[in-house]
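The values are calculated or read from the model by the stated rules, or taken from the named source; none is laboratory data. Since the model is a prediction, treat every value here as computed from it, not as a measurement. Counting neighbours? That spans all protein chains shown, and the Cβs are built from the backbone with ideal geometry, glycine included. All accessible areas refer to the heavy atoms of the entire protein, side chains included, with ligands and DNA or RNA removed. Shrake-Rupley method; radii C 1.70, N 1.55, O 1.52, S 1.80 Å.
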Amino acid sequence: MEMMTGMKKRLMAAVFLFGSTVTVSAFAHGKHVHGETEMAVALDGNELEIGISGPLSNFLGFEHAPKGEKQQKALTDMTVNLQYGDRLFAINPEAACSFVSGKVSVRKGNKTVSPTMLHALSSSKPDGHVDLDATYAFSCKNPDVLKSIKVQFFSRFPGIEEIDARVLLPKKQMAAELTAKKPFISW
């Protein structure tokens, strides 16, 4: 957990460096454009953190409490798919990065809950958007050779059409647009 706290500050710095409207812990009410998702990556020493934020519909197909068994299954599947950062990000193997932890939440206005508690948001603001925020921490044995990250989101979440990525490395900052045809960022 200590790793996540320090990295949040660095991720926020990465995001603000590029002028984005998002922050890491809750992506502070950034833009809400269906199909678009934002990603922030920060590396500090051997600690790598990746933050993701976007409209819940990009991940789930809807932005309300599940109605019926089909939508409940979709929520359960999404929640399971988002738990394991090592299944969502393919980091070049030479860096020897291991998944440490992940946190996923959904947010409507100022109210944030776990995805399994999505029904709790239905009572707040009947109209409005619901966003998903996730933060993943990795520990890298060879961070100096970290050179690429491939995201597995496009095949798992077809509602995501593009990911606007911001990266802050010790000696480099960059931005890239990821799509299903180009699901990786490299430097």
Next on the checklist: Modelling each spin label as a point 7 Å along the Cα-to-Cβ direction, I'd like the Arg87/His119 distance in nm, to one decimal.
Outcome noted: 2.4 nm
Checklist entry - Put a dot 7 Å past each Cα toward the Cβ at Lys172 and Thr76; how far apart are the dots in nm? => result 4.3 nm
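Place the peptides 45-52, 162-169 in order of packing, highest mean first, counting for every residue the other Cβ atoms within 10 Å and averaging per peptide. Let's see the in-between values first.
Values: 45-52: 23.1, 162-169: 21.0.
In descending order of packing, they fall as 45-52, 162-169.
Filter Lys150/Lys172; Lys111/Lys141; Lys73/Lys111; Lys111/Lys171; Lys103/Lys150 down to the pairs with a C-alpha to C-alpha distance above 26 Å, please.
Details: Lys150/Lys172 18 Å; Lys111/Lys141 37 Å; Lys73/Lys111 23 Å; Lys111/Lys171 37 Å; Lys103/Lys150 19 Å.
As for pairs spanning more than 26 Å Cα to Cα, those are Lys111/Lys141; Lys111/Lys171.
Counting other Cβ atoms within 10 Å of each Cβ, which trypsin sites (Lys or Arg not before Pro) in region 51-142 have at most 13 and sit in a DSSP loop?
Lys67, Lys141
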Item to check | Solvent-accessible surface ranking, highest first, for Tyr84, Tyr136 at 1.4 angstrom | outcome: Tyr84, Tyr136
